[in-house]
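S.K.: Structure in structure tokens, see below.
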Amino acid sequence: MERVWVVIPAGGRGQRFGAAQAKQYVLLRGRPVIAHTLAVFLREPCVAGIQLVLPGEDVATGTWRELLGPVQGPLLPPVVGGAQRADSVRLGLEALLRQGAGGGDWVLVHDAARPCLRREDLLLLLDSLTHSPQGALLAVPVADTLKRAENAHSMGTVDREELWRALTPQAFPLGALLAALEAARGQNLQITDEASAMEWQGWCPRLIHGHGDNIKVTMQDDLVLAAAVLAARDEE
């Protein structure tokens, strides 16, 4: 398989989280959220390099290094992110190319605020790439009943049979993903994840059934849930 790189976009401040500090730096069981996120990739020998994409002031002041402390593994110098997630991912991909990555290499994009990724899920995704030429992403089938609403009133039930909830990491050939993001940017398309950019290009990425505890810390309650998930794993 081609080399594998990782981009972790953390260019925003997570305003919905409601803390003075960016949510990726909020403490989770005594360590910043992003430290937990990085850990699974830092331990993976097939990862050639990890590219953090951070707010400009964090890169300029070195705040990220103070919060993370000493890091052992293929962590590359961070780059400054953009206004939107897609912009930060694009800038991260360009940085990888400047540091020796190839357009045919695989890149995994993972949310900085997903600190509970299981190594078994990561390995499942990586193993799938040899037979997923159009990319792959972790996802879970939707389990809840879904409602279609108007003015906060239920107007019907949506068939969930073919619906999945997209998670990260999402894996694609680096050059193809960069081209898709640049094309979407040129059309002013709203890109919420990497798979949506590739789908717009006609790609059909493979859905890899992961675990639902790969949660994204968006609200304060999510931090409590993430702590419970990690504590349960320690007990196991």
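The values are calculated or read from the model by the stated rules, or taken from the named source; none is laboratory data. Every value quoted in this text rests on a predicted model; they were computed, and no experiment measured them. We place every Cβ from the backbone using ideal geometry, glycine too, and count neighbours over all the protein chains shown. The area values use the complete protein model at the heavy-atom level, side chains included, leaving out ligands, DNA and RNA. Shrake-Rupley method; radii C 1.70, N 1.55, O 1.52, S 1.80 Å.
S.K.: Please state the charge dipole magnitude for the chain, taken about the Cα centre, from unit charges on C-beta atoms (+1 on K and R, -1 on D and E), reported in debye and rounded to the nearest 20.
M.R.: That gives the chain a dipole magnitude of about 400 debye.
S.K.: Then there's this: Suppose each label sits 7 Å from its Cα in the direction of the beta carbon; what would the Met219-Arg65 distance come out to in nanometres?
M.R.: According to this spin-label approximation, the distance is 3.8 nm.
S.K.: First compute the accessible area of the chain with a 1.4 Å probe, then give the percent of it belonging to carbon and sulfur atoms.
M.R.: With neighbouring chains kept in place, the figure for the chain is 50 percent.
S.K.: Express in nm, to one decimal, how much length is gained between Gln72 and Leu42 on full extension, taking 0.36 nm for each residue of separation and deducting their alpha carbon distance.
M.R.: 10.1 nm
S.K.: Per residue, how large is the accessible surface of the chain? Use a 1.4 angstrom probe and give square angstrom.
M.R.: Using a 1.4 Å probe on heavy atoms only, each residue of the chain averages 50 Å².
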